1. Quick one: in region A:170-195, of everything that is assigned to a strand (DSSP E or B) and not basic (K, R), which residue is farthest from A:I157 (Cα to Cα)?
2. Kindly check whether there is at least one residue in region A:82-91 that is away from chain B (no Cβ under 14 Å), farther than 24 Å from A:Y30 by Cα and touching a residue at least 40 places away in the same chain (Cβ under 8 Å).
3. Any residue in region A:43-54 that is within 11 Å of chain B (Cβ to nearest Cβ), touching a Pro at 6+ places or on another chain (Cβ under 9 Å) and under 15 Å from A:L87 (Cα atoms)?
4. Within region A:406-415, can one find any residue that is assigned to a helix (DSSP H, G or I) and either over 29 Å from A:M351 (Cα atoms) or not assigned by TED's automatic domain parsing to the domain that holds A:Q366 (or both)?
5. I need a count of the residues in region B:349-399 that are β-branched (V, I, T) and more than 20 Å from A:D272 (Cβ to Cβ).
6. I'd like to check something: does region A:1-12 contain any residue that is more than 28 Å from the chain's Cα centre (by Cα), at positive phi, surrounded by fewer than 23 Cβ atoms within 10 Å (Cβ to Cβ) and not hydrophobic (A, V, I, L, M, F, W, C)?
7. Just to be sure before I move on: is B:S159 out of contact with any Pro (no Cβ under 6 Å at 6 or more places or on another chain) and either in a helix (DSSP H, G or I) or within 14 Å of chain A (Cβ to nearest Cβ) (or both) in the structure I sent?
Amino acid sequence: MSKYEVTIGLEIHAELNTKTKAFCGCANEYGAKPNTNVCHVCLAIPGTLPLINRAAVEKTIAAGLAIDCKINDIAVFERKHYFYPDLAKGYQISQLEKPICLGGGIKLGTGKFIRLNRIHLEEDAGKLLHNAVSQISLVDYNRGGVPLIEIVTEPDIANATEAVEFLEEVRQRLVYAGVAECRMEQGGMRCDVNISLKPKGAKKLGNRCEVKNLNSFKSVARAIEYEAKRQSELLDKGETISVQTRKWDEGAGKTTLMRDKGEAYDYRYFPDPDIYPIRITDRDVAEIKVAMPKLAHELKTQFVTEFGLPEYDAHVLTKNKLLAHFYLDCVTLLKEPKAVSNWTMVDIGKMMNDANTDVPPVTPAQLTEIIKMAMDKTITKTIGLELLQKVSGDSRKSPKKIAKDMGLLDGVSDAEIKKIFEAVKKDKPALVDDFKNNPQKVLPFIIGQVMKNTRGRAKSEIVEKLAKEFFK
Amino acid sequence: MIKFEELNIEQFVLELKQKKFTATEVVKYFLSKIKKDKRNSVLESFDKSALRQAVIIDEKIASGAKVGKLCGVPIIIKDNIFYAGHKSAAASKMLEDFVAPYNATIVDKLLAEDAIIIGRANMDEFAMGTTGSLSAFGKTLNAKSDNHYAGGTSSGSASAAASGLCLAAIGSDTGGSARCPAAWNGVFAIKPTYGTVSRYGITAMASSFDQASPIAKNAKDTALVLSVMRGKSKNDATSIDIKPVKFGKKLRIGYVKQVWEHKKDIQKSERYEKLFENLKNMGHEIVNLDIKNMGTALTAYYVIVPAEVSSNMACFDGLRYGARSKEEKNIEEFYKATRSENFGSEVRRRINIGNLVMKEENINTIYNGARTMRAELKNEFAEAFKKCDFIITPVTPNEASKIGEITDPLQAYLIDLFTIVANMTGCPALAIPFGTGNTGMPLGMQLLGAAHSDDALFAAEKIIQEAMK
């Protein structure tokens, strides 16, 4: 294995989150009833013509800006031809010679730079649904015509770890730029891997295989490792690698042959006569840039320099775009960056984890109200967490009002505290002697008992003062 | 009984409004003419909807409501133009039972001006052909002779217009498809400036060439129908509004060397010589032009058109609409069977040529070479129109041949020699009847103008008629 160097290039597809499809007015929506988001255009009824969705072009430009691409001043749409039941027109509107974005790339944690070749805009195909029982296949064209960007890297990636890091970074940037949701489980982000081996130090790349059907980053990593091993074993045996398209079989954990180079498809690209080339001016690009939400690394920098957060906090908070923006909104309401960070990272983070969601369960107003009460010791942390659970999922609920209704905001009278002391003493008579011997040892227990019985309403310094009088 | 087909549209609309006759009478008259016609120019008459429409128009007139420019005008549309709820088969087995689910933009525009669409016209299958004999539903016969080709591909539209089955017909023109049959049947047709007439709702042949074209028995009617059809449409991103170009009083008429050096191959070329002479004597200028790509244009045309054809025909896979084969072995075999069973030979030939010229090993040399030629031709025409207002050529070198005389596709392709340049460059081109040829069949003259000079060509036509006297 170590005799060879692995060379990997990725082709990443991401569906843009536009309201409508790329070339017609149908809704771009996941999970709708089959063939409900279709029209004459995306069903390729004769006589229909594509109308380019400007938002899709703008989002492609934003994707390019997020990955430091150069934006072409002229973009051309071409027809890519092949027959398949999910492709209504018999061709896919895509881009070849003049894509919207060129170049760009991403620096990995190691400092290694992975170059992008291009990002182009195209349309997604429909979906085939096979029914094993009735032995028929049906086509759902809802996805047909949904705008899809294809991000193509240069062969700069050397192993599965780099590939996954790159993919995670791409996903994060697309999500932060607000152009795609990248939900892999819904097919919103897909990846093909081109992989080849060459003897260490050799200049010329070996014959490559393209692996398709990778639906998770884990599959990408596994497929790369499998292919690297398969190819190295073949080379060790003195065989040559034939240029192939292979399919990843997640269950079996291996790749299988789809087609050989001899069967390579000729897509017969040519400029689509129904769509004139589009001009993208510097002004268009500047406007899109200004309107773009901040990317993760920009927010991270802001969190560290402006809010004084530790690198770790900034890193955790910016892992999820919604959480990062939630944090930002909280800090706007309550200028206590570190306290807010702790609550957001740890407590909100745990709630999201438990519910398996990437959406914070409370509003920034709700969280900051709770933090404020905890900070001025109106409530304890435990009560704070309880309040979080109580308001979770309902933005209309006020934590303060709930606390008030629970009587948590009322003070505790000395008499009430003494009553608790009596009960404690009755329960554990030995406590009186223990207190006399070493008050510091038993005080926490006594305070704890009071807090428990008053649901944290009592102030510990008062409890301490009263305890010293009561138990002496 | 009034012979409605002899009225021009303006007169017809006026007399209809004056209640000299009713739209219902008119529609019945034309429907009965269509039923008696033996030329196979009309595939289907739309009796029910036409009569219903006629009643509406009669009521409108009776109530004194405002009516459109084409009020009650019976129109026949080519079989590739969509009229919702009516069959639109592009004269192919592939779409034999296909019912248009929506209106073409031009149909909407015609109906908005109160025209009555009375039927769909025969054509060469999917608008591929030159003679009108390549319909899956039988050839169209020439209006002037049962033994001659009607010309294509708008064979039925031109034959019907010439034999008075309607007041105007709509064809489509990709390389001469409206002008050639218009010339061969002795009527007028204009291929408009590319983009000024929306392509939405017309089954595409070659997208960067196609334009719907009005066909009628006189220039005025043709111009009137065109004025209704055109305009930028929200459904066609390549559509544009016309920016009318005017010619001066003294016309500058282009005389292309490459056309007239083959005089012996052009029927009645002496008549053209006489016309040029007369125009000169009337004070107009004859401008000599050298357009190098005039001859090579045909080669480029028969590369780019098949390329676009092969792409546009790809949607006919038998899955969502149209004919489908009973072959069910697997999807690949199903596609092959559906397409070979239901496409005619010329359609299959062009798809194959298209696939061939776009193959990876050919695309740079053949396809891109043709595109370069097209760009050069466009430049040459743009330069030419700086020096002249319009160019005169024949529509086709010869009159219609006898049926059976054209057997070789190449022989058919050569008929398009002069017409294709208008589609290659996007320029408008008007076909005008120009007497008869050697065997007495009609001939046509073509006026090729700069982009957006469509209306100016009609104005020039009047002067040419003067010069022909």
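1. Step one: list which residues in region A:170-195 are assigned to a strand (DSSP E or B), which gives A:180, A:189-195.
Filter again for not basic (K, R), leaving A:180, A:189, A:191-195.
On the way: A:A180: 24, A:M189: 19, A:C191: 14, A:D192: 13, A:V193: 10, A:N194: 10, A:I195: 9 Å.
Here the residue is A:A180.
2. Here is the first cut: in region A:82-91, the residues away from chain B (no Cβ under 14 Å) are none.
Within region A:82-91, none of the residues are away from chain B (no Cβ under 14 Å), farther than 24 Å from A:Y30 by Cα and touching a residue at least 40 places away in the same chain (Cβ under 8 Å).
3. Looking only at region A:43-54, we keep the residues that are within 11 Å of chain B (Cβ to nearest Cβ), and these are A:43-52.
Then keep just the ones that are touching a Pro at 6+ places or on another chain (Cβ under 9 Å); that gives A:45.
Going one step further and asking which of them are under 15 Å from A:L87 (Cα atoms), we end up with A:45.
Yes: region A:43-54 contains one or more residues that are within 11 Å of chain B (Cβ to nearest Cβ), touching a Pro at 6+ places or on another chain (Cβ under 9 Å) and under 15 Å from A:L87 (Cα atoms).
4. Here is the first cut: in region A:406-415, the ones assigned to a helix (DSSP H, G or I) are A:414-415.
Filter once more, so that each one left must be either over 29 Å from A:M351 (Cα atoms) or not assigned by TED's automatic domain parsing to the domain that holds A:Q366 (or both): A:414-415.
Taking every residue of region A:406-415 in turn, at least one turns out to be assigned to a helix (DSSP H, G or I) and either over 29 Å from A:M351 (Cα atoms) or not assigned by TED's automatic domain parsing to the domain that holds A:Q366 (or both).
5. Residues of region B:349-399 that are β-branched (V, I, T), as a first pass: B:351, B:353, B:357, B:363, B:365-366, B:372, B:391-393, B:395-396.
Adding the requirement that they be more than 20 Å from A:D272 (Cβ to Cβ) leaves B:365, B:391-393, B:395-396.
The number of residues fulfilling the criteria is 6.
6. no
7. On the way: out of contact with any Pro (no Cβ under 6 Å at 6 or more places or on another chain): yes; either in a helix (DSSP H, G or I) or within 14 Å of chain A (Cβ to nearest Cβ) (or both): yes.
So B:S159 passes the test.
Okay, residues lined up against (1) of a type in the set (V, I, T); (2) surrounded by 20 or more Cβ atoms within 10 Å (Cβ to Cβ); (3) under 30 Å from A:N53 (Cβ atoms):
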{"residue": "A:G187", "(1), (2), (3)": "no, no, yes"}
{"residue": "A:G201", "(1), (2), (3)": "no, no, no"}
{"residue": "A:R222", "(1), (2), (3)": "no, no, no"}
{"residue": "A:Q231", "(1), (2), (3)": "no, yes, no"}
{"residue": "A:T245", "(1), (2), (3)": "yes, no, no"}
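The values are calculated or read from the model by the stated rules, or taken from the named source; none is laboratory data. Note that this is a predicted model, so its numbers are computed, not measured. Neighbour counts run over all protein chains shown; Cβ positions are idealised from the backbone, glycine included.
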